[in-house]
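Input: a single structure, listed below in structure tokens.
Throughout, read-outs are computed from the coordinates displayed, never taken from laboratory work. Just so we're clear, the structure is a prediction, and the values are computed from it rather than from any experiment. Cβ: placed from backbone, ideal geometry, glycine included. Neighbour counts: every protein chain shown.
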Amino acid sequence: MLIDLSGRTALVTGSTQGIGLAIASALAGAGARVGVNGRGDEKVAAAIETIRATWPEADLVPVAADVTTPAGVETARAALPEVDILTNNLGIFEAKAALEITDDDWQRYFDVNVLSAIRLIRTYLPGMMGRGWGRIQNIASDSAIVIPTEMIHYGTSKTALLSVSRGFAKEAAGTGVTVNSVIAGPTHTGGVEDFVYSLVDRDLPWDEAQAEFMRVHRPQSLLQRLIEPEEIAHLVAYLSSPLASATTGAAVRVDGGYVDAIVP
């Protein structure tokens, strides 16, 4: 199976680390011109250097912008006026007791995890529809379906993102543009390492801490380990390609079997 994205331009939000960085690298490796996004120039430059270490000929565009704001979205559009592949990866999460989540917390999670994706879809979807081809992926989470007791604000925001994806897929019906959600399971990133240690003994070595976290807090996982970011990126690269032309309006799982369901 050959994934060839030559001639396509992609934007991956929040792509200076973790899952976003892995996705940007995978799309660049498949031949796409990729906008690497983060809030600061230094982090964006470091991410580009990391990707070029694997793909020396990669065509990468720095997009230093806070895309959680209207001004940041305009900055992104100035750097990349047209995009064929939009991956809304940017998101925040934290552990917080349900009754301690404030109004400001709820608003911030909606603004970052949901509204930023909506703004970018509104920005780039019309052009995709006009050109008759496009791919949009919104990176959701198993927490959209299995709401964690320790972060229901995060889970709720990701549930909303599933609805956003399905709704915009209907808007793009018949145009050659696909819109999907990717339900990522518990994934091994720097931020998740911090999250794991917020829930288990900080004195444990990482392998033991990960095992304890999965055993106690994510026992449903069939993989029984954290997913590596590259494993998420492989699915996103496929969904970004012409090979996935019949997959739209879907919530596609790469969750290690965490969600206990037969259908997606």
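Sorted by mean Cβ packing within 10 Å, highest first, what order do the peptides 250-257, 22-29 take?
Going from most to least packed, we get 22-29, 250-257.
How big is the charge dipole of region 119-263 about its Cα centre, in debye rounded to the nearest 20, if each Lys and Arg gets +1 on its Cβ and each Asp and Glu gets -1 on its Cβ?
My answer is approximately 1040 debye.
If the only charges are +1 at each Lys and Arg Cβ and -1 at each Asp and Glu Cβ, what is the size of the charge dipole of the chain around the Cα centre, to the nearest 20 debye?
The calculated dipole for the chain is roughly 1060 debye.
Can you run phi through the Karplus equation (6.51, -1.76, 1.60; θ = phi - 60°) for region 65-73 and list ³J(HN,Hα) in whole Hz, with x for Gly and Pro?
In residue order, the calculated couplings are 7, 8, 6, 7, 10, x, 5, x, 5 Hz.
Could you give the size of the charge dipole of region 52-148 about its Cα centre, using +1 on the Cβ of each K and R and -1 on the Cβ of each D and E, expressed in debye and rounded to the nearest 20?
Using only the charged Cβ atoms, the result is roughly 360 debye.
Once you place label points 7 Å from the Cα toward the Cβ at Arg108 and Ala45, how far apart are they in nm?
Using points 7 Å along Cα→Cβ, the separation is 2.9 nm.
Given H placed 1.01 Å from N in the peptide plane, which residues other than close sequence neighbours of Arg253 have an amide H under 5 Å from its amide H?
Under 5 Å from the amide H of Arg253: Ile183.
Applying the Karplus parametrisation 6.51 cos²θ - 1.76 cosθ + 1.60 with θ = phi - 60° to the phi angles of region 96-112, what ³J(HN,Hα) value in whole Hz is obtained for each residue in order, glycine and proline being reported as x?
Values per residue, Gly and Pro as x: 7, 4, 3, 7, 9, 6, 8, 4, 5, 4, 4, 5, 5, 5, 5, 4, 7 Hz.
Amide H to amide H, which residues 5 or more places from Thr178 or on other chains are under 5 Å from it, using H placed in the peptide plane?
Under 5 Å from the amide H of Thr178: Gly134, Arg135, Ile136.
In a shell of Cβ-Cβ distance under 12 Å around Leu90, excluding Leu90 itself, what net charge do Lys and Arg (+1) and Asp and Glu (-1) give?
Every neighbour counted, the sum reads 0.
Would you list Lys170, Lys96, Lys158 from fewest to most Cβ contacts within 10 Å?
By the 10 Å Cβ count, ascending, the order reads Lys170, Lys96, Lys158.
Describe numerically, in nm with one decimal, the distance between label points set 7 Å from Cα along Cα→Cβ at Ala98 and at Ile147.
It works out to 0.7 nm between the two label points.
Report the calculated FRET efficiency for Leu223 and Ala79 (r = Cβ-Cβ distance, R0 = 41 Å), to the nearest 0.05.
Numbers: r = 37 Å, r/R0 = 0.90.
Once the sixth-power term is evaluated, E becomes 0.65.
Sketch the reach of a paramagnetic label on Leu243 as a point 7 Å from Cα along Cα-to-Cβ, and name the residues of region 37-66 whose backbone nitrogen lies under 18 Å away.
none
Out of (1) 0.93; (2) 1.12; (3) 0.97, which label holds the value of Cα Rg over 2.2 N^0.38 Å that was computed here?
(3)
What does the charge add up to near Thr102, with Lys and Arg as +1, Asp and Glu as -1, over the other residues with Cβ less than 11 Å from its Cβ?
Net charge in that neighbourhood comes out at -2.
Using the alpha-carbon centroid of each, what span in Å lies between region 15-42 and region 89-156?
19 Å
Quick query: amide H of Val61 versus all other amide H atoms, modeled in the peptide plane; which residues come in under 5 Å with a sequence gap of 5 or more or a different chain?
Hits under the 5 Å cutoff: Val34, Gly35, Val36.
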